[in-house]
Structures are given as structure tokens and as C-alpha cells.
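Encoded as C-alpha cells, the structure appears first; notes follow it.
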Amino acid sequence: MTRLSMAVRGLVTVLAALLAVTAASATARATTEPKAPADFVALRSVDPTIIEEIRYFTPHNFVGERIDGYRQPLCILTRPAAEALHQAQQRLLVQGYSLKVYDCYRPQRSVDHFVRWAKDLEDQAMKGEFYPNVDKTRLFEDGYIAEKSGHSRGSTMDLTLVRLPALPTRPYVPGEPLVPCFAPQGERFPDNSVDMGTGYDCFDTLSHTLDPRIQGQQRTNRLLLKDTLEGLGFVNLAEEWWHFTYKPELYPDTYFNFPVSRKSLIQSH
């Protein structure tokens, strides 16, 4: 064997070894992706009638792009929370309404994405809709963004009411003109929900559930959602009319990081 052929053979051996290490590393990453505990479920498996519009799977959110960790537009919750939502849905259906969830379980990696975005003061692409009156430098101080979220514990969800029969909603087109989230319902981004006075994820004090400026039908709508859910063990976050946590939480101190995906639940059934 010539020196050249020996060198080539040696190079091939090194490359093969490198490829093997890379493949092993990729396999290890795939097999070590965190999974949901057995008591997490897809909401659809408990109540397929609840409408799901998972905003963080889409670019129509305050960041302006799909959020890390949202691999499918899926609502995942602890089973007790999902079953309590089913009870709420049964009470609302007979009144001509359906629940619609915007977000449910949220991985820690998604919260980390929010934090990175909030620290990037140059990125204000979605300010015109979601935080027109809030200086981005104050998002942490004012409590709109935090490094931990109750959503990551699996019993918190963001939701609204839809009058039945539910009308279709048009998709958001990235780059389209933005309208403030507190504009009159006919002017802000169309949503098939009832009028709650602001859109979802509106960073403004008008989003406070019992803000005295919200009156008439808007207040009635907020109270219907709040009273229905609170009657079944949910607790509303006073600063966000859409935010509810089912109590007692199964995991009050655990912040999970498995992705929002059916695969995260495969080992749970």
C-alpha cells in the first residue's frame, strides 16, 4: 500500500468516525427530548368541541413569529384541568357559546424565547397591535414578561368565548397593517370571539378583567367567562381577562420543557 493510499484510508477512517459521533449525538438528542408525565393530555381527547386557536404556533403574536417549542397547534393540559374545562364547555354550550383556547401548556423554552425578544429593544415589529402604549423597556417591570410562567406547570390556559355557530376567522398575513388591540372590535384584527373589550395578549391596563372602563356587553362577556370558570375551580389572573389556572395544580412547583407536540404525549398513553 502506497503512502498516498494509506493517507486516504486514514482520512476516510477519521471522517467515518466523525460522522458516527455526529449521528450518535443527534440520536442522543432525539431520545432525550423531554416527555410529558402520564397525567398530561391533549384537550381534544377530553373535549373535541372546544375551539383551539393556538396563537404561538402562528406569527400572529406579540413576537411576530412562531414561538420555540410549539411544534403543533395543540392544547395540552393536566387531565384535571382538561376535565374541568370540559365541564365549563357543557355549561356554556346550552347557553349558545363555546370556549376557545389561545394557549395552554407552554414549554420553558417558549418562555425563554419571550425573554430574549423582550431584551431585544430593536425588535418592535408587533408593537402597533399588542403594546402600542407600553414602552418595551418596561415589559419586565410592568409584569408583561417574566422568566417563568404558570403555563409551564400545565394547569393554566388562555381562553375566550365564541358565540355559536362559530364563524371562520381569516389568517393573519405577516406585514399587514396593525391596529391597536384595544381598538373597537370592528377595527382590530378580526376574531370570531365575543367582544371582550381588547384582543388577546393586549399589553394594556384595559385587559385587567374588572377594569372599570370596560362596561356594557364587554363586561358581561368577561363576567360570563370568569363566573363560569371560577364556579369550577379556576382562578383568574386579575391583569388578564383571558388567563385562568385550575386549582389545585398537580404540579405547583414544576416548570416543564417538553415541546407542544403529540409526540410528547405518546408515552403517556
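The values are calculated or read from the model by the stated rules, or taken from the named source; none is laboratory data. Predicted model only: the values in this text are computed from it and were never measured. Glycine also receives a Cβ, built like all others from the backbone with ideal geometry; neighbour counts cover every protein chain displayed.
In the set 167, 229, 224, only one residue is modelled with pLDDT under 95, among the hydrophobic types (A, V, I, L, M, F, W, C) and under 19 Å from residue 101 (Cα atoms); that residue is 167.
Scanning segment 53-72 for residues being aromatic (Phe, Trp, Tyr), closer than 18 Å to residue 42 by Cβ and part of a loop (DSSP other than H, G, I, E, B) gives a total of 0. Checked against the criterion of being more than 19 Å from the chain's Cα centre (by Cα) and in a loop (DSSP other than H, G, I, E, B), segment 98-120 contains one or more residues that satisfy it. The number of residues in segment 73-87 that are among the polar types (S, T, N, Q) and either part of a helix (DSSP H, G or I) or touching a His at 6+ places or on another chain (Cβ under 6 Å) (or both) comes to 1.
Here is a yes/no grid of residues against (1) under 27 Å from residue 252 (Cα atoms); (2) in contact with a helix residue (DSSP H, G or I) (Cβ under 8 Å, 6 or more places away or on another chain); (3) not assigned by TED's automatic domain parsing to the domain that holds residue 60:
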residue	(1), (2), (3)
129	no, no, no
140	yes, yes, no
145	yes, yes, no
169	no, no, no
173	no, no, no
189	no, yes, no
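In segment 98-110, the residues that are under 16 Å from residue 255 (Cα atoms) and at pLDDT 95 or above form Cβ pairs under 7 Å with partners that are among the β-branched types (Val, Ile, Thr) and surrounded by 22 or more Cβ atoms within 10 Å (Cβ to Cβ), at six or more places apart or across chains, as follows: 104/76; 105/76; 105/260; 107/260; 110/67.
Suppose the filter is in a loop (DSSP other than H, G, I, E, B), assigned by TED's automatic domain parsing to the domain that holds residue 66 and at pLDDT below 95; does residue 210 pass it? In short, no. Every condition in (1) part of a loop (DSSP other than H, G, I, E, B); (2) crowded, with 19+ Cβ neighbours inside 10 Å holds for residue 160 except the one numbered (1). Take segment 106-145 and flag every residue that is touching a Phe, Trp or Tyr at 6+ places or on another chain (Cβ under 7 Å) and either within 17 Å of residue 256 (Cβ to Cβ) or buried (at least 17 other Cβ atoms within 10 Å of the Cβ) (or both). Within segment 106-145, 107, 108, 110, 118, 126, 129, 130, 131, 144, 145 meet the criteria. The requirement of being part of a helix (DSSP H, G or I), more than 15 Å from the chain's Cα centre (by Cα) and either crowded, with 17+ Cβ neighbours inside 10 Å or at pLDDT 95 or above (or both) is satisfied by residue 90.
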